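Undergrad: One structure, pasted below without further comment.
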Amino acid sequence: MSGSYDDSVGLEVSSDSFWEVGNYKRTVKRIDDGHRLCNDLMNCIHERARIEKGYAQQLTEWAKRWKQLVEKGPQYGTVERAWCAFMSEAEKVSELHLEVKGSLMNEDFEKIKNWQKEAFHKQMMGGFKETKEAEDGFRKAQKPWAKKLKEVEAAKKAYHAACKEEKLAISRETNSKADPALNPEQLKKLQDKVERSKQDVLKTKEKYEKSLKELDNATPQYMENMEQVFEQCQQFEEKRLRFFREVLLEVQKHLDLSNAASYKNIYRELEQNIKTADAIEDLRWFRANQGPGMSMNWPQFEEWSADLNRTLSRREKKKASDGVTLTGINQTGEQVSQPNKHSSSLSVQSNTVQSVQSSYNPFEDEEDTGSTVSEKEDNKIKNVSSYEKNQSYPTDWSDEESNNPFSSTDANGDTNPFDEDTPPAMEVRVRALYDYEGQEQDELSFKAGDELTKMENEDEQGWCKGRLDNGQVGLYPANYVEPIQ
């Protein structure tokens with residue numbers, strides 16, 4: 001525990017021991033570190049709570065989106081319920097993770113915050129009361145011993161200086177004896193200086209030994225006082241360490257869902273829902289609701305009625321209602337409309353089926369039963385996404401279709417002389433002004449700057465029919481392109 005003395009800076013620490021003057025500061029710093037560690041633990045828990053909340057929100061969004069897709073999709077019966085059970089599982093797990101988030105913030109986070117507030121008390125001038133108390137305690141315990149240590153260092157310095165002076169005086173006296181030019185009086189002075197140096201060495205040595213003895217006598221009390229203050233700091237730190245352990249155990253309980261009965265029930269219920277999926281039952285349901293088990297309004301003999309058999313003229317068809325009901329039944333085995341699970345109605349809204357447009361014949365009478373319909377190819381039923389369960393398909397017997405046997409071309413292939421000829425559209429090269437992503441299967445997708453061929457002119461809904469350079473044919477918005485000059 002010795003140190004080299006310097007008047008300008010006082011005592012310098014020569015070792016890393018706790019007992020050295022000023023080395024208690026590491027123990028005091030631990031109090032400030034404890035307050036900062038409380039903040040770190042709160043931030044850690046807060047970030048985990050945000051992750052739990054974000055995961056819960058993502059699960060909820062995923063479940064909502066896929067539940068809609070499955071319910072609108074072609075899957076049916078018990079397998080559909082088993083599939084949807086995964087979305088129910090996600091919603092329930094989302095609720096559990098929101099509960100975890102609430103427990104972390106409302107219990108664990110608040111508990112640390114309150115404990116920190118009770119354990120650490122800020123002062124008006126900055127710092128914490130506990131830090132100042134520990135600093136003052138160590139300084140008070142170290143002050144007497146540090147004072148004696150300073151005296152020892154001063155005595156040691158004086159003793160070493162006296163020894164150095166004695167050695168220098170003896171060296172000068174020895175050299176003077178070999179010098180014949182030196183008179184006796186000068187030699188006598190050198191001898192006296194050597195004697196005084198020896199006496200100074202004895203005095204400083206005695207004083208050095210005395211101060212060192214006093215320091216040794218004060219060391220036990222010094223160690224006892226330092227130990228006492230150190231133990232107080234240890235007790236304060238022990239409270240923090242035990243508190244952290246307690247909080248971490250509570251956080252673990254909140255995060256661990258494996259022991260939660262509700263968590264186990266979620267997956268027990270999910271397993272049961274999946275096991276209830278029955279292929280035979282689903283096929284039986286499909287046969288009854290979508291197959292041969294469906295009821296049929298078989299054709300029967302009907303008396304002629306002028307009101308029932310009157311053919312709509314073109315003008316009346318232009319005023320048709322928004323809802324179009326398909327009453328014809330395809331008996332040739334081709335696609336028929338797939339009804340909703342809860343309804344067998346075969347109705348299609350006008351926003352799904354494009355209205356039929358025809359040329360006006362000035363020679364045609366309002367009650368002319370021989371009126372015909374000329375329909376452009378692009379005015380057709382747009383494809384419905386495979387996820388739409390209410391998907392409807394065109395029927396061969398509807399008088400709205402281009403293959404209607406009573407349309408502009410009769411059964412013998414002769415055209416109606418009263419119909420206006422529809423001029424063929426000229427193919428024109430056009431360039432895309434904007435990006436467009438097809439929303440339906442019969443629509444084209446292209447990027448701004450792409451070139452394509454316009455096959456038919458714009459219809460009343462603002463759509464054109466065109467062909468991409470790769471051969472794909474489909475519809476696109478007319479205002480998205482411009483002719484290539």
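Undergrad: Rounded to the nearest 0.05, what FRET efficiency do ASP216 and ASN23 give with R0 = 30 Å and r taken as the Cβ-Cβ distance? Could you check?
TA: After rounding to 0.05, the efficiency reads 0.95.
Undergrad: Report the antiparallel proportion of the DSSP beta bridges in the range 429-483 as a percent, rounded to a multiple of 5.
TA: In the range 429-483, DSSP labels about 95 percent of beta bridges as antiparallel.
Undergrad: In the range 106-152, what trypsin sites (Lys or Arg not before Pro) fall in a loop by DSSP, with at most 11 other Cβ atoms inside 10 Å?
TA: Loop-located and lightly packed - none at all.
Undergrad: Can you work out ³J(HN,Hα) from phi for every residue in the range 166-176, in order, using Karplus 6.51 cos²θ - 1.76 cosθ + 1.60 and θ = phi - 60°, giving whole Hz and x for Gly and Pro?
TA: 4, 4, 5, 5, 5, 5, 5, 5, 5, 5, 6
Undergrad: Here is a follow-up. Which residues' amide hydrogens lie under 5 Å from the amide hydrogen of LYS465, considering only partners 5 or more residues apart or on another chain, with H built in the peptide plane?
TA: Here MET455, GLU456 satisfy the definition.
Undergrad: Moving on. Taking 0.36 nm per residue of sequence separation and subtracting the Cα-Cα distance, how much length would be gained by fully extending the chain between LYS129 and ALA277, in nm to one decimal?
TA: Between LYS129 and ALA277, full extension yields an extra 46.5 nm.
Undergrad: Another question, then. When the convex hull of the Cα atoms of the range 429-483 is projected onto a plane and the area is averaged over all directions, what value comes out in nm²?
TA: Dividing the Cα hull surface by four gives the mean projection, 3.3 nm².
Undergrad: Then there is this: Sequence gap at least 6, Cα distance under 8 Å: using those rules, report the relative contact order of the range 429-483 to the nearest whole percent.
TA: Taking the mean separation of contacting Cα pairs over the length of the range 429-483, I get 37 percent.
Undergrad: To continue, here is another question. With N set to the residue count of the range 129-229, report its C-alpha Rg divided by 2.2 N^0.38 Å to two decimal places.
TA: Compared with the compact-globule rule of thumb, the range 129-229 sits at 1.75.
Undergrad: In whole Hz, with x marking every Gly and Pro, tabulate ³J(HN,Hα) for the range 290-303 from phi via Karplus 6.51 cos²θ - 1.76 cosθ + 1.60, θ = phi - 60°.
TA: Taking θ as phi minus 60°, the curve returns 10, x, x, x, 6, 6, 9, 8, 5, x, 10, 5, 10, 5 Hz for the range 290-303.
Undergrad: Here are some pairs, LYS25/LYS147; LYS111/LYS264; LYS143/LYS164; LYS29/LYS101; LYS156/LYS188; which of them have Cα atoms lying more than 25 Å apart in this structure?
TA: Pairs exceeding the cut-off: LYS111/LYS264; LYS143/LYS164; LYS29/LYS101; LYS156/LYS188.
Undergrad: Provide the per-residue ³J(HN,Hα) series for the range 256-268, in order, calculated from phi with Karplus coefficients 6.51, -1.76, 1.60 and θ = phi - 60°, each as a whole number of Hz, with x at glycine and proline positions.
TA: Per residue, the Karplus-derived 3J(HN,Hα) values read 7, 8, 5, 9, 7, 4, 5, 5, 5, 5, 4, 7, 5 Hz.
Each value in this text was obtained by applying a stated rule to the coordinates, not by laboratory testing. Quick caveat: nothing in here was measured; it's all calculated off a predicted structure. Note: ideal-geometry Cβ built from the backbone for every residue, glycine included; neighbour counts use all protein chains shown.
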